[in-house]
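If you scroll down you'll find the structure; I have some questions about it.
We did not get these values from a lab; they are worked out from the coordinates using the rules stated. Because the structure is a prediction, the values reported are computed rather than measured. All Cβ positions, even for glycine, are placed from backbone atoms using ideal geometry, and neighbour counts span all protein chains on display.
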Amino acid sequence: MTGVAEARIATALFEGLTRLDPETLLPGPAAAERFAVSPDGLSVTFHLRPDGRWSDGSPVTAEDFRWSFLRVLDPRTASPYAGLLFGVRGARDRQRKRTDENSVGIEAPDALTLVVRLERPVPYFASLAAFATLLPVNRSAVERHGDRWTRPGHIVTNGPFVLEEWSFYRHLVLRRSPSYHGRDVAGAERIRLHPVPDPNTQFNLYETGAADIVFSVPSPILHRLRDRPDFRTGPRFATAFLRVNITRPSLASAAVRRALSLAIDRETLCSRILRGGERPAYSLVPPGVAGYDPPAGRTFEPAAAAELLASAGHPGGRGLPALGLLFPDNPEYAAAATVLQHDLRERLGVDIRLDPREWKVSLAAQRALDYDLCLAQWIGDYPDPTTFLDCFAAGSGNNRTGFASAAYDTLLERAATPEPGEPPEAWIRRRFGLLAEAEALLVGDEAPVIPLWHPTTRFLVAPAVQGFAANALGLVSFVDLRAGERR
């Protein structure tokens, strides 16, 4: 799993220790009926509900969560999201093959108690416990079926739904689980999910009654939908940006990367091309984190961009080879890529070769650093700046730029640890200040990422569907959906 679409499915099939409220995004009870943070912030204790069950009828235990968390950290798993657990005592060393699992601060003293011991306070850990990476998996199913444990007939889940059918590239059918602790709550008995990446096709399915909810709406028709009662939109805790592969000789210079950023007219891109309420992005962390002020990044300054590129030895773009622009093959990204191609050619003399790829192929190219520039989007996993900034620490599985900076990593480390005797309020203020310094270095001085816009959520929801709540993380609580009469 690497995207929101997969996370929506996973959180319907599996239940984490906590669940984020779909409207407030605050963590609440789920597989754990309650949790508590120690006064020093260095341990979190989760008390599991006694009626938690796997779909095979066996009890959900604290050891299931312990084993699942350690599986994320197992070097053989090579999870790109293992870094989410690096605040746990001993987790980083375990993932880097330095220690065994017994050195990690995850304990199950009894069947219904899980204790997580932290190297430093992690104020958002209860929210993180709801994220897809920390969902539990059934050990016996994984060990019995290997990499085929997710197939129908093999998979064992603990969430509100079970996987009834999976027709590859066609549909998945989720059926309400008879063993789930909330099974008596009225709701949809079945949900059929169709993997349709093209927004135009999604819209046609919705308009013909073949779909009740779609998660992407074509930009060119947004003006026709704004006043419809079935159209839902709102801000998204996300940023669309350019990844820059700094291992390419042509992009190794920070001055070249800064010039590219200064040459992009984000205001026009949002108002005339995307037209979905998107906001120009000059920082990687979007608005929405209480108490955090993202640094003012680079704005649209074409004359300064040309001067900067010339100072880097490429006046008018001379000496720079054509740069490939990789992007997922969908209409929104295609429109944005065309604008970027125009801006960089007209203002800097830099030739851009458009390279649309299918989503999975695009991801593989990013991981392999097989690109020059790449249009990407990151949606926050939890409400904190580190969900964006930690991605670009050296060694992060989600970095995918070749960027590594000791200064940047040091700022992140300093932000992560309170000073001896420092009051929590003072640490939070200092922490946010250091994170803002790190972000300024990332999007300003070094520019391995170039923020472009902050997206919006866009849904079409049939009037008969009740219980649907969109949120800034793009998640959907399927367990709350109620199905009325189809149109």
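Around TYR292, under 13 Å between beta carbons, what's the net of Lys plus Arg minus Asp minus Glu among the other residues?
-1
R0 = 41 Å: FRET efficiency of ALA78 with ARG175, Cβ-based, nearest 0.05?
0.80
Given a Förster distance of 35 angstrom, what is the FRET efficiency for THR208 paired with ARG139, based on the Cβ-Cβ distance and rounded to 0.05? Can you show the working numbers first?
Details: r = 44 Å, r/R0 = 1.24.
Calculated transfer efficiency: 0.20.
Would you work out the charge dipole size for the stretch 238-454 about its Cα centre, treating the Cβ of every Lys and Arg as +1 and the Cβ of every Asp and Glu as -1, and quote it to the nearest 20 debye?
On the way: 21 positive and 27 negative charges, 102 e Å.
Magnitude of the dipole: close to 500 debye.
Where does each of TYR124, TYR382 land when they are ranked from fewest to most other beta-carbon atoms within 10 angstrom?
TYR124, TYR382
Between the stretch 1-43 and the stretch 171-221, what is the separation of their alpha carbon centroids in Å?
Value for the Cα centre distance between the two parts: 22 Å.
Just subtract the alpha-carbon distance of ALA290 and ALA406 from 0.36 nm times their residue separation and send over the number in nm, one decimal.
In short, 39.0 nm is gained.
Separate question: Loop sites only, by DSSP: take the GluC sites (Glu not before Pro) in the chain that have at most 13 other C-beta atoms within 10 Å and name the longest stretch containing none of them. Spell out each step's value before the answer.
On the way: sites that count: GLU23, GLU189, GLU358, GLU485.
Result for the longest clean stretch: 190-357.
So, one more: Could you give the dipole magnitude of the chain about its Cα centre, charging the beta-carbon of Lys and Arg +1 and that of Asp and Glu -1, in debye to the nearest 20?
Working: 56 positive and 57 negative charges, 159 e Å.
So the magnitude is around 760 debye.
Using θ = phi - 60° and the Karplus relation 6.51 cos²θ - 1.76 cosθ + 1.60, list the HN-Hα couplings for the stretch 148-162 in order, rounded to whole Hz, with x at every Gly or Pro.
9, 5, 8, 6, x, x, 9, 5, 10, 10, 10, x, x, 10, 10
Turning to a different aspect of this structure: Give the angle, between 0 and 90 degrees and rounded to the nearest 10, that separates the Cα long axis of helix 331-348 from the longest principal axis of the Cα atoms of the chain.
30
Next up: Specify the inter-centroid distance of the stretch 444-487 and the stretch 359-377, based on alpha-carbon positions, in whole Å.
About 24 Å separates the Cα centre of the stretch 444-487 from the one of the stretch 359-377.
Can you compute the helix-only [θ] at 222 nm over the chain? Use -39500 (n - 2.57) per DSSP H run of at least 4 residues, normalise by all residues, nearest 500 deg cm²/dmol.
-7500 deg cm²/dmol
Cut-off is 10 Å between beta-carbons; in what order do CYS391, CYS374 appear when sorted fewest neighbours first?
Working: CYS391 20, CYS374 26.
Ranking CYS391, CYS374 by Cβ neighbours within 10 Å, fewest first, gives CYS391, CYS374.
Going through the stretch 152-208, which trypsin sites (Lys or Arg not before Pro) have at most 15 other Cβ atoms within 10 Å and a DSSP loop state? Could you put the intermediate results ahead of the total?
Values: sites: ARG170, ARG175, ARG176, ARG183, ARG190, ARG192; in loops: ARG170, ARG183.
Answer by residue number: ARG170, ARG183.
Still on this structure: I'd like the chymotrypsin sites (Phe, Trp or Tyr not before Pro) in the stretch 148-189 restricted to DSSP loop residues with at most 13 other Cβ atoms within 10 Å, sorted by number.
Values: sites: TRP149, PHE161, TRP166, PHE168, TYR169, TYR180; in loops: TRP149, PHE168, TYR169, TYR180.
Within the stretch 148-189, the qualifying chymotrypsin sites (Phe, Trp or Tyr not before Pro) (loop, at most 13 other Cβ atoms within 10 Å) are PHE168, TYR169.
Please give the charge dipole size of the stretch 15-140, origin at the Cα centre, charges +1 on K and R Cβ atoms and -1 on D and E Cβ atoms. Round to the nearest 20 debye. Mind dumping the intermediate values first?
On the way: 16 positive and 16 negative charges, 106 e Å.
About 500 debye.
In addition: Can you give the local net charge around GLY349? Use residues other than it whose beta-carbon is closer than 15 angstrom to its beta-carbon, Lys and Arg +1, Asp and Glu -1.
0
Here is a follow-up. Full extension from ILE221 to ASP100: what is 0.36 nm times the residue separation minus their Cα-Cα distance, to one decimal in nm?
So the extension gain works out to 38.1 nm.
Rank the residues VAL60, VAL361 as a footprinting-exposure proxy: fewest other Cβ atoms within 10 Å of their Cβ go first.
VAL361, VAL60
If you don't mind, another one. Would you tally the net charge around LEU42, using a Cβ to Cβ cut-off of less than 12 Å, leaving LEU42 out, and scoring K and R as +1, D and E as -1?
Residues near LEU42 contribute +1 overall.
Taking all pairs of distinct Cα atoms, average 1/r, flip it, and tell me the Kirkwood hydrodynamic radius of the chain in Å to one decimal place.
Kirkwood hydrodynamic radius for the chain: 23.9 Å.
Among ALA438, TYR282, PRO178, which residue has its Cα positioned farthest towards the positive end of the charge dipole of the chain, with +1 placed on the Cβ of Lys and Arg, -1 on the Cβ of Asp and Glu, and the dipole taken about the Cα centre?
Projecting each Cα onto the dipole axis, the largest value belongs to PRO178.
Additional query: Mind checking which of LEU481, TYR382, ALA306 is farthest towards the positive end of the chain's charge dipole, using Cβ charges of +1 (Lys, Arg) and -1 (Asp, Glu) about the Cα centre?
Positive-most Cα among the choices belongs to LEU481.
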